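No value in this document is a laboratory result; all are computed from the given coordinates. This is a predicted model, so every value here is computed, not measured. Glycine also receives a Cβ, built like all others from the backbone with ideal geometry; neighbour counts cover every protein chain displayed.
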Amino acid sequence: MQLATQVEPAVIAGLNEISHQYDGYIVDLWGVVHNGHELFDDVIPCLQKLKEAGKTVVFLSNAPRVSGVVIEQLTSFGLPQELYTGVVTSGDMTLDYVRRHESQTYFHIGIPEKDSSLLAGIGKNPALHMHEADLIIASNFDEERPYLEDYSEDFDLSIDRGIPMVCANPDLLVFRGELKAYCAGTLAEDYQKRGGWVQFFGKPYASIYDHLRKRYEGQKWLAIGDALATDIKGANEAGIDSLFVLSGIHQQEPNPDYHAHGAQPQYVSPLFRW
């Protein structure tokens with residue numbers, strides 16, 4: 001979808017102003033519903049109002065974990081499962097792809113204790129070194145290799161061997177509380193810039209929206225997200241109206257340049273709230 005000019009979105013205080021226009025809501029999680037540690041204060045009251053109005057609420061996340069693990073996390077944060085319809089994650093789609101891929105060995109870049117569900121039952125063997133694998137699976141920065149330059153040599157060796165990478169989280173960064181943390185999308189972007197081949201799963205790519213629409217048919221959707229380059233751009237390209245909230249990665253940008261991110265929301269609001 002081409003964005004010819006930047007159009008200022010309508011500023012709304014909460015969903016009550018526009019909820020009559022939509023019967024389904026595609027809601028991002030990190031930066032919209034929670035900050036990685038706890039729910040934002042307005043989330044449960046807002047979801048209660050949407051449930052009372054009979055709306056469909058699907059959480060669409062670039063989490064590099066399967067949806068069951070994400071549901072467990074939401075429950076641990078105090079979010080009742082009856083307040084939403086379902087969860088779709090980039091981790092679900094990555095796991096499905098890797099299981100079907102012809103490779104026999106893989107090298108995982110991530111945090112094993114957090115991302116273990118991504119590797120469950122894939123039927124492949126881990127390689128000791130990245131450049132010896134048939135496939136690289138990127139889900140997070142390795143905690144012992146927190147900087148992009150830590151991967152330069154391995155990336156170049158792997159690219160020379162033509163090893164493909166699967167990115168389970170296209171996000172570039174998130175806020176964990178008030179601290180920025182880089183995501184697997186930053187690794188995949190660098191791998192691609194160096195000449196490597198990357199298969200991305202998650203927002204803003206069309207496959208995850210196609211998957212969601214097959215599961216939940218016939219909805220007039222509104223997508224809600226905090227990331228212009230993934231949540232809002234993805235909604236634009238999928239032909240879905242969007243609400244941009246300022247509680248996440250753009251919280252330090254009072255006047256973001258939508259066109260620079262290739263994104264154009266219909267609405268903007270400080271928070272996901274009623």
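Counting only GluC sites (Glu not before Pro) that are in a DSSP loop and have at most 14 other C-beta atoms within 10 Å, tell me the longest site-free stretch of the chain.
The answer is 39-101.
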Report task. Using only Cα atoms, locate the centre of segment 29-48 and the centre of segment 114-147, then give the distance between them in Å, rounded to an integer. Result -> 30 Å
Query raised in the report: Considering the chain as a Gaussian network with a 10 Å cut-off on Cα pairs, which listed residue, GLY239, GLY185, GLY248, attains the greatest mean-square fluctuation?
Result: GLY239
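Considering only DSSP beta bridges where both residues belong to the chain, give the percentage that are antiparallel (nearest 5).
Within the chain, antiparallel bridges account for around 15 percent of the total.
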Query raised in the report: chymotrypsin sites (Phe, Trp or Tyr not before Pro), restricted to segment 120-188: which are DSSP loop and have at most 12 other Cβ atoms within 10 Å?
Result: TYR147
Report task. Among the listed pairs LYS55/LYS233; LYS124/LYS233; LYS124/LYS220; LYS193/LYS233; LYS124/LYS193, give every one whose C-alpha distance is greater than 32 Å. Result -> LYS124/LYS233; LYS124/LYS220
Query - [x] 50, 49, 35; [y] 76, 44, 35; [z] 55, 40, 35, with the label sought being that of the calculated Cα extents along the principal axes in Å - result: [z]
